[in-house]
Each structure stands twice: as structure tokens, then as C-alpha cells.
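One structure below.
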Amino acid sequence: MEKFFKLKESGTNIRTEIIAGITTFLTMAYIIFVNPNILINVIPGATPGSDLYTQFFGAFMVATILGAATATLIMGLWANYPFALAPGMGLNAYFAFTVCLKLGIDWRIALAAVFVEGIIFIILTLTGVRGFVVKAVPSSIKLATSAGIGLFIAFIGLKTAGIVVSDKATFVTLGDLTQPAAIVAILGFFIISILFALKVPGSILIGILLSTAIGALPIFGVTKYQGIVGKVPDISPTFLKLFEKFTWSDLLSGTFWIVVFTFFFVDFFDTLGTLTGLAESAGFIKNGEFPRANKAYMSDAVGTTVGALFGTSTVTTYIESSTGIAEGGRTGLTAVTVAILMLLMLFFAPLGLTVPGAATAPALVFVGVLMLKTLRLINWDDITDAIPAFVTLIMMPLTYSIANGIALGLITYPIVKTFSGKAKEVHWFTWVLAILFGIYLIYLRGA
């Protein structure tokens, strides 16, 4: 392991790396329960307690674990970085609630879109086009996208818990906070917030588990105890299912390609920002150079492609890896440790079935809070940056679509910049993106 991971050269040892891996795992393990809870919404007739629900929830849970473990192993063994990967928050919500439920696209075709996006990511990484794409998308849009996704998933969490409900007069309003699901979610949010503020490792995961325990009490009754350890669920309901519905005619569909591009856009820039931030914090970037950057990006791209084959939404690098780095993790051994712990979670499917939506809802809201911190990096004093950023940010939750937010933000940016006398700040490819997204919005309205 010393020779393979170059431990001494990186100023670390086996014990430190394993502790760092455990720390990272605890902070991101919540995705094992949250992701299936989101993806299960795409299966018609899968109501809690039904055989269909149990079957697909288990399959999505296994797909989540295998997708995360595969990508993290590639990152650790090939790129030799202490970064962990798993299905991305926000992208899973976009997959389920926008692509499948709002646009009416079959979940298997949506998986095909994720697969294609991963292939495109691989090609751009191999050809070096990645740098060109990075320059074409304005910084304010990239930063606002992350925050907008945070608002989007927070809104989904509040809706799931019944804290925010529909209203004929105002569209949305405050729900009945005396309902069991709302009470459990509120308690869960405070538990997570306090534990996180106290710097308790795994605060989100602990909050989900404690909320589940509270929800199982007879006074609330929002879930029933299903057990903790059991046999590994069958993954066949989701494994390779992207090929069942996908046809070559889908490649001619404008909606399909907009979905592909949105997955790619969010994954690409989320990965870019996360990897750069993690590399900076760990001291990997020297003189502006990020060694083995292509291997790190490729790990992410391959993880997304493989994850789609298993049956999960886009896999991406997790910012929670920073907790392991803070514990001293500096090599791929940290990532390998995370992957092994992920695989062990295959035997905890009954626990996953016990966790209700009311217990994962506060996690969605809390992660949404964390994603808003990118707003401080936007130059709000420059109105030509502020307006496109605001449009991107606000339209994601209000139109219930990440794609709409990105589209409207990218359309707004070149128009505001050009007619404000700052045309030189607009990359020519930004105009191309704006036109393509304009066509998309017109097409969507017609559809």
C-alpha cells in the first residue's frame, strides 16, 4: 500500500487514511437513504408498504451503493485522490421530479440520458474540450446554479414533509405543522443543524436515523420498523433497464437532448467546482496546476456512466470529502476505505425501508442551506452579473426545474451584458447556448 498509494510521499499513513475514510463515509452516507427515497417517485404505483415499493426501493438503494462505490474506487485506485463520489443531490431531484414526473419521460429513458451525458463527459475529458466549455459559461451562472439547486431540493424537502403545501390563491402556503410528518421533519432539521454546528461527524446521517426513530414512535406512526440487517436486495428491476425503452428515435428528440445537456451542465460544473475546492484545501494544487486532474474528472465521468447502468442518477464528487481531508486524508486509500464501507451497506436494506420521507426531508433542506454559500462569490455590485444570477437562482424552485433556471439565466446573461455596453465580456459560445436554450423553452411551451 505504501508503494501503490505513495503514503510517505504524501505525508500520511494507513491509520490516518482509514480514519479519514470513515469520517468521509459518515458525512455522506445519508445519500444511501435519501437517493432511493427520491428515485422511487418515478415508479408508478410504488406506494409505501407495497411489494412494488419494496422491490424498487431496494434496487435503487443497491444501485446507489454500487454506483458510489465503483466511482470512488476508480478515484482512489486510479487517480489516487481522497475524494468520494455518489449520486448527486439536486440531480436526483431533477431526474425524478422534472424529467420523469413533469416532462413525462419514462425513467428508463431518463437513465439513458444520464448514460449519454456520462459518455459526453468522458469524450470532453479525453479531448481536452473541457477547458473551452468552462470559459463559455459565465461564472455568475455557475455559482447561481449551485445555489438554485439548493433552493430546489430544499423546496422538495419542505413539500415532502407537508410543511409547504399547494394553495389555489397563492400557489403555495404553510402546511399544517401539527401533522406527524411535519413534526418529525422539523425535529430532524433541528437535530441535524445542532449536530452540524457542534461539528459532530455524520450529523446528517445521525439526524436521519434519529428522525426515523422518532417517526416510528406510536404517537407519530409515520413509519414502521423493518429491521436493520438483511439480505442484499435484488438489483434486477433497475440494472441495465435504460436499454429497455430507449430507441434510436430518442436521439432525434429535442427534449431528450435538453435533458442530457442539463445533466451534463450541472454535473460538469459541480464536479469542476468541487474537485478544485477539495484539491485547494488538501494542498494538491501547486503553481496553479492540478496534478492528475484528467484522471479525477474521468473517475467522475465513468462513475456517472456506470451508475446509469446500475440504475441511478448522475454520480458526482462529494464536497463532504473535505471532512476526510480535514482528518488528514491525502491519498486514494481514503477513497478506497469509503468504497468498502459503502459496499458493506448493501446488507442494511431493511434500515433503508424503515427510513420515511419525513426523515430524509430535513436532510434535503439542510443540504440546500449548505449549497447557498456559493452566492457570496457572485459580484452583486455589477448588475449585469447580478440579474442573470438572480434569474437562474429564483427560477429553479419557482418553475420546479433546474433546466429552466439554467436556460433563463443563460438567455438573460448575453442580452443584459451586450446592451449594457459589455459585449466583450460575452463568449461567442454563450450566445450559442442562449439561442439553443431559447429554442428549448419555445419547444417546451409548444409541447
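Odds and ends about this structure:
- Qualifying residue in the range 36-56 (condition: closer than 19 Å to VAL306 by Cβ and open to solvent by less than 40 Å² (accessible area, probe 1.4 Å)): yes
- Some residue of the range 159-174 being under 30 Å from ASP381 (Cα atoms) and either part of a loop (DSSP other than H, G, I, E, B) or of a type outside the set (Ser, Thr, Tyr) (or both): no
- Test for VAL222: is it farther than 30 Å from THR305 by Cα, touching a strand residue (DSSP E or B) at 6+ places or on another chain (Cβ under 8 Å) and open to solvent by 40 Å² or more (accessible area, probe 1.4 Å): no
- Any hit, the range 263-274, residues being among the hydrophobic types (A, V, I, L, M, F, W, C), closer than 25 Å to MET345 by Cα and touching a Phe, Trp or Tyr at 6+ places or on another chain (Cβ under 8 Å): no
- Test: residue in the range 255-273 that is farther than 23 Å from LYS159 by Cβ, open to solvent by less than 40 Å² (accessible area, probe 1.4 Å) and of a type in the set (S, T, N, Q): yes
Here is a yes/no grid of residues against (1) farther than 24 Å from PHE263 by Cβ; (2) open to solvent by 30 Å² or more (accessible area, probe 1.4 Å); (3) touching a helix residue (DSSP H, G or I) at 6+ places or on another chain (Cβ under 8 Å):
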site: ALA339; (1), (2), (3): no, no, yes
site: LEU364; (1), (2), (3): no, no, yes
site: LEU370; (1), (2), (3): no, yes, yes
site: LEU393; (1), (2), (3): no, no, yes
site: ILE406; (1), (2), (3): no, no, yes
site: LEU410; (1), (2), (3): no, no, yes
site: THR418; (1), (2), (3): yes, yes, no
site: ALA423; (1), (2), (3): yes, yes, yes
site: VAL426; (1), (2), (3): yes, no, yes
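- Qualifying residue in the range 196-218 (condition: open to solvent by 60 Å² or more (accessible area, probe 1.4 Å), among the β-branched types (Val, Ile, Thr), in contact (Cβ under 8 Å) with a residue 60 or more places away in the chain and over 30 Å from ALA113 (Cα atoms)): no
- Looking across the range 280-329 at every residue that is of a type in the set (Gly, Ala, Ser) and either without any contact (Cβ under 8 Å) to a residue 40 or more places away in the chain or over 20 Å from GLY88 (Cβ atoms) (or both), the one that is most open to solvent (accessible area, probe 1.4 Å) is identified as ALA326.
- Residues of the range 74-117 satisfying the condition of being open to solvent by less than 20 Å² (accessible area, probe 1.4 Å), outside any helix (DSSP H, G or I) and at pLDDT 90 or above: TYR81, PRO82, PHE83, ALA84, LEU85, ALA86, PRO87
- Test for ILE192: is it under 20 Å from LEU351 (Cα atoms) and free of Cβ contacts under 8 Å to residues at least 24 places away in the same chain: no
- So LEU364, is it at pLDDT 90 or above and not aromatic (Phe, Trp, Tyr): no
- Single unsatisfied condition, GLY230 versus (1) assigned to a helix (DSSP H, G or I); (2) touching a residue at least 24 places away in the same chain (Cβ under 8 Å): (1)
The values are calculated or read from the model by the stated rules, or taken from the named source; none is laboratory data. This is a predicted model, so every value here is computed, not measured. Cβ coordinates were reconstructed from backbone atoms using ideal geometry, including for glycine residues, and neighbour counts include every protein chain displayed. Each accessible area value is taken on the protein alone, full model and side chains, heavy atoms only, with ligands, DNA and RNA left out. Shrake-Rupley method; radii C 1.70, N 1.55, O 1.52, S 1.80 Å.
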